[in-house]
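Encoded as structure tokens, the structure appears first; notes follow it.
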Ligand code: PGA
């Protein structure tokens, strides 16, 4: 079943990247060579979406946004709507990243509204879920992840318009990763929930793993059942590291 799902390796540059960073994207483009057997995506800061589109034009590498407002337009100073991202050329937007949840107080219902906005604008929503270190220590990993899934995913989610990213908060930017057995257990439980709520679609939705993915651990993490790709933060800023992760699929 998992074999039929086309994996996605998405790089999230977060609030990193001035114009000079486009050189890394150019190197990703050059380094990919033949079209890889996976979707490859870069999610730059909103200021770089348009120039990144030009850098990647014709390469097949996709461009995504990192967040969006739930409304299409209006008096929301500093925000960017899903329609604006789509207009700039993005195909996808990340919503509910743990940094947004923690630093901007985004609750599940807000994340859900953002995912609905993404769909309204014709974008794929990458919906992030994951437990904190404390929740993990208390044995609450599955409970937290299942609750986030239940309340953050729109009812209209399909395999074509929605991607799940399981990102243990304690693994983000720390160099720590769960064991392969832990990742397998959580991803299998996510798959179960998706299949129960979205009959037919849930079996085909991509479930990415995120949190300290790097070239040295990508092959092991990406080979796990129900891991259909990666959401990569720090290692996506350097073309050689990002390409090293994508290469896990060629091996
Ligand atoms: P990291 O970030 O790869 O730097 O751990 C992952 C993420 O936040 O998506």
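We did not get these values from a lab; they are worked out from the coordinates using the rules stated. Since we're looking at a predicted model, the values are computed, not measured. Counting neighbours? That spans all protein chains shown, and the Cβs are built from the backbone with ideal geometry, glycine included.
In the set (1) touching a residue at least 60 places away in the same chain (Cβ under 8 Å); (2) under 21 Å from residue 63 (Cα atoms), residue 214 fails one condition alone, (1). The residue of the range 27-47 that is nearest to residue 240 (Cα to Cα), among those that are touching a helix residue (DSSP H, G or I) at 6+ places or on another chain (Cβ under 7 Å) and free of Cβ contacts under 8 Å to residues at least 60 places away in the same chain, is 29. Residues of the range 162-181 that are touching a residue at least 12 places away in the same chain (Cβ under 8 Å), outside any strand (DSSP E or B) and more than 11 Å from the ligand (Cβ to nearest atom): 178, 180. Taken over the range 207-234, the criterion of being surrounded by fewer than 21 Cβ atoms within 10 Å (Cβ to Cβ) and in a helix (DSSP H, G or I) is satisfied by 215, 216, 217, 219, 220, 234. Within the set 159, 188, 196, the sole residue that is surrounded by fewer than 18 Cβ atoms within 10 Å (Cβ to Cβ), away from the ligand (no atom under 16 Å from the Cβ), within 15 Å of the chain's Cα centre (by Cα) and closer than 25 Å to residue 107 by Cα turns out to be 159. No other residue among 100, 204, 109 is in contact (Cβ under 8 Å) with a residue 24 or more places away in the chain and closer than 22 Å to residue 63 by Cβ apart from 100.
Anything in the range 217-231 that is within 22 Å of residue 156 (Cα to Cα) and either within 16 Å of the ligand (Cβ to nearest atom) or free of Cβ contacts under 8 Å to residues at least 40 places away in the same chain (or both)? List them, or say none. If you could, list the steps in order and put the result at the bottom.
First pass over the range 217-231, keeping only residues within 22 Å of residue 156 (Cα to Cα): 226, 228.
Of everything in the range 217-231, just one residue is within 22 Å of residue 156 (Cα to Cα) and either within 16 Å of the ligand (Cβ to nearest atom) or free of Cβ contacts under 8 Å to residues at least 40 places away in the same chain (or both), namely 228.
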